[in-house]
1. Go through (1) part of a helix (DSSP H, G or I); (2) in contact with a Pro (Cβ under 7 Å, 6 or more places away or on another chain); (3) over 15 Å from residue 75 (Cα atoms) and name the single condition residue 147 misses.
2. Being out of contact with any helix residue (DSSP H, G or I) (no Cβ under 7 Å at 6 or more places or on another chain) and within 23 Å of residue 190 (Cα to Cα) is true for just one of 102, 71. Which residue is that?
3. I'm trying to understand the selection: among the residues of region 68-115, which are in contact with a strand residue (DSSP E or B) (Cβ under 8 Å, 6 or more places away or on another chain) and either among the polar types (S, T, N, Q) or crowded, with 18+ Cβ neighbours inside 10 Å (or both)?
4. Quick test of your reading of the structure: residue 156 fulfils all but one of (1) assigned to a helix (DSSP H, G or I); (2) of a type outside the set (Val, Ile, Thr); (3) buried (at least 24 other Cβ atoms within 10 Å of the Cβ). Name the failing condition by number.
5. Against the conditions (1) under 30 Å from residue 180 (Cβ atoms); (2) assigned to a loop (DSSP other than H, G, I, E, B); (3) at pLDDT below 95; (4) of a type outside the set (Lys, Arg), where does residue 113 fall short? Just the number, please.
6. So is residue 187 touching an Asp or Glu at 6+ places or on another chain (Cβ under 7 Å), within 23 Å of residue 211 (Cα to Cα) and in a loop (DSSP other than H, G, I, E, B) or not?
7. Scanning region 166-198 for residues that are within 15 Å of the chain's Cα centre (by Cα) and over 22 Å from residue 120 (Cβ atoms), which turns out surrounded by the fewest Cβ atoms within 10 Å (Cβ to Cβ)?
8. Evaluate region 69-92: report whether one residue or more is closer than 24 Å to residue 159 by Cβ, at pLDDT 95 or above and not in a loop (DSSP other than H, G, I, E, B).
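The values are calculated or read from the model by the stated rules, or taken from the named source; none is laboratory data. Quantities reported herein were computed from a predicted structural model and do not represent experimental measurements. Neighbour counts run over all protein chains shown; Cβ positions are idealised from the backbone, glycine included.
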Amino acid sequence: MSYDHRRRSRSRSRDRYGGNFGGSRGYDTGGFGAMGGGGGFGFGGGGGSSFMNSGLGARLHSQDWNHIQLTKFEKNFYIEHPDVSRLTPEEVDNVRRKHDITIVAGRNVPHPIVTFEQAGFPDYILHEVAQAGFVAPTPIQIQGWPVAMSGRDMVGIAETGSGKTLAFLLPAIVHINAQPYLQRGDGPIVLVMAPTRELAVQIQEECNKFGKSS
């Protein structure tokens, strides 16, 4: 599924709210990343650098997945809110049009949500969202959360400060908590890639803030 959102006339939403973690809280709503762990969730927001000549992964061997027994895991945690289920096709189109959301491709794309409660997050995540002082989901979250919570693939394009980080981070926390504890040698449940170290640090800070109560 592909999704494109670029606001043309509205002012950009603020990237940070409050101070820093531990006192008044700071939340960065921008970012660039990709979520794994059943379904993929990628976001474009800027350029990056090349690791082709770094030598990373030089000793890795190809895997024959036809002879590897993978542990089955649940990746669909989305329960559509009754208010969302009742939306007519015309109402769904109106929500997307209002928020400049364009669905480029995809089949049976989940309906957009308009409130945090409709996203199907557990209470501990909704508590952190309320503590952050957010009023309503941003366009990338309105369409992205139902897709990510369903464990489906998505590529989303949105400008800086549009809430991309939380668009993949909050569903990622749900996916992480639903999996068994990792054993020695296990790979990550969620992988986030960022084009710069500074952005990676910012994303890590958001993970700490929203993941600490899970």
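1. Residue 147 satisfies all of (1) part of a helix (DSSP H, G or I); (2) in contact with a Pro (Cβ under 7 Å, 6 or more places away or on another chain); (3) over 15 Å from residue 75 (Cα atoms) except (3).
2. That would be 71, the only listed residue that is out of contact with any helix residue (DSSP H, G or I) (no Cβ under 7 Å at 6 or more places or on another chain) and within 23 Å of residue 190 (Cα to Cα).
3. Across region 68-115, the qualifying residues are 95, 96, 99, 101, 102, 109, 112.
4. Going through the list (1) assigned to a helix (DSSP H, G or I); (2) of a type outside the set (Val, Ile, Thr); (3) buried (at least 24 other Cβ atoms within 10 Å of the Cβ), residue 156 breaks only (1).
5. Here residue 113 clears every test but (3).
6. no
7. So, considering only residues that are within 15 Å of the chain's Cα centre (by Cα) and over 22 Å from residue 120 (Cβ atoms), the one surrounded by the fewest Cβ atoms within 10 Å (Cβ to Cβ) is 191.
8. yes
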